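Notes for the one structure printed next.
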Amino acid sequence: MPASIVRALGTDERVLACAQGTRAGVSQFNPDWVKTQRVDLNDDGRQDWIVEGRHACLRDGETPYWWAYADEAAGQRLVLSSVTAQALQPVDARTDGFRDLRLRSAGGETVARYDGTQYAIPAAAPPASDTQADTVAGRLEIEALPRAAHGQESFRIALAGRELRRTGADADFPDFPAPRILQRYPQGIAPFDEVVVFQQEMYGNACDGGPLWMLGLKRDGSYAMSEPIDFCGGKAAQLSATRDELTIVLPGGPLNRGEGEIPAETWRYRNGKVERVAAP
């Protein structure tokens, strides 16, 4: 492994965070702390470097950290920095001249793509609030409206002051009136610059959770709402995203009330539309 990579890893924050062998701000990093593989990531004829953490300092429990360095005439350039994954695999698809990297973890698969300077991963951002968020298209807000004459609640979802949807009384999801922001993908899922996942909820205990739907946003203020995915409980939905699609796994489980089991389902959100994935 080149001395430049050894020096770079010796000052990486993940290595420095380890208490073993650190002196004057530099970890006494040893090359046998990592495992390397060579692969040409950008078809320039040079074998680039993929580095997998093996030492306890470079692992999150059993899951290693990964780095990638492009081998260039001027030396080795860091293009992927301390990403955790159970496995990392270059694939044939390319973005901006570099091969995409498939990362596998317990929550599913994610694809890292080169953005012109380094690899980027479409990160999920847990919402600071489940009723409002600042998005690429403006302020997104959920507002409770005055109760209808028959007492049923209703809500208004607005983007930059424009009403997108009403839920509850005499509107969408009358049985699941209360929307909440479940997850955000601020780096986008194609063709959108940001995607927000909503879950509708009901009051009472007939269902634990409710339908899921996605709001795709573009920087010019345009948007698209997906069809809902029916959901009435069991274990919480599991979400995993790449730049091209969002996978939603409904693990199933015991009925919230009564006897029986809810079967597991897998859904895919792609190009603004949802479709159920057939069981293998």
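A compact table of results
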| read-out | value |
| --- | --- |
| Any hit, region 149-166, residues being assigned to a loop (DSSP other than H, G, I, E, B), at pLDDT 90 or above and on the phi > 0 side of the Ramachandran plot | yes |
| Identity of the residue in region 192-204, in contact (Cβ under 8 Å) with a residue 12 or more places away in the chain and outside any strand (DSSP E or B), that ends up surrounded by the most Cβ atoms within 10 Å (Cβ to Cβ) | Phe192 |
| Yes/no for Thr110 being within 24 Å of Gln238 (Cβ to Cβ), of a type in the set (Ser, Thr, Tyr), crowded, with 20+ Cβ neighbours inside 10 Å and within 17 Å of the chain's Cα centre (by Cα) | yes |
| Ile50 being outside the structural domain of Met214 (by TED's automatic domain parsing), more than 20 Å from Asp244 (Cα to Cα) and at pLDDT 90 or above | yes |
| Answer from Gly252, Gly272 - the residue that is modelled with pLDDT of 95 or more, at positive phi and not hydroxyl-bearing (Ser, Thr, Tyr) | Gly272 |
| In region 2-39, residue modelled with the lowest pLDDT [restricted to those that are part of a loop (DSSP other than H, G, I, E, B) and surrounded by 15 or more Cβ atoms within 10 Å (Cβ to Cβ)] | Cys18 |
| Pairs, first closer than 15 Å to Trp33 by Cβ in region 44-65, second in a loop (DSSP other than H, G, I, E, B) and of a type in the set (Gly, Ala, Ser), C-beta under 8 Å, six or more apart | Cys57/Ala17; Pro64/Ala85 |
| Residue selected from region 96-145 under the condition among the polar types (S, T, N, Q) and farther than 14 Å from Tyr185 by Cα, by the criterion modelled with the lowest pLDDT | Ser105 |
| Tally, over region 167-189, of residues that are under 15 Å from Tyr223 (Cβ atoms) and outside any strand (DSSP E or B) | 3 |
| Residue among Ile181, Ile189 that alone is buried (at least 18 other Cβ atoms within 10 Å of the Cβ) and under 16 Å from Asn271 (Cβ atoms) | Ile189 |
| Unmet criterion (only one of (1) more than 20 Å from Glu143 (Cβ to Cβ); (2) modelled with pLDDT under 95) for Glu227 | (2) |
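To keep it simple, each residue is scored yes or no on (1) over 22 Å from Ala3 (Cα atoms); (2) polar (S, T, N, Q).
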| position | (1), (2) |
| --- | --- |
| Ser81 | no, yes |
| Ala87 | yes, no |
| Asp92 | yes, no |
| Asp100 | yes, no |
| Arg113 | yes, no |
| Thr135 | yes, yes |
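The values are calculated or read from the model by the stated rules, or taken from the named source; none is laboratory data. Note that the structure is predicted; figures quoted are calculated from it, not measured. Neighbour counts are summed over all protein chains in view; Cβ atoms, including those assigned to glycine, are modelled from backbone coordinates with ideal geometry.
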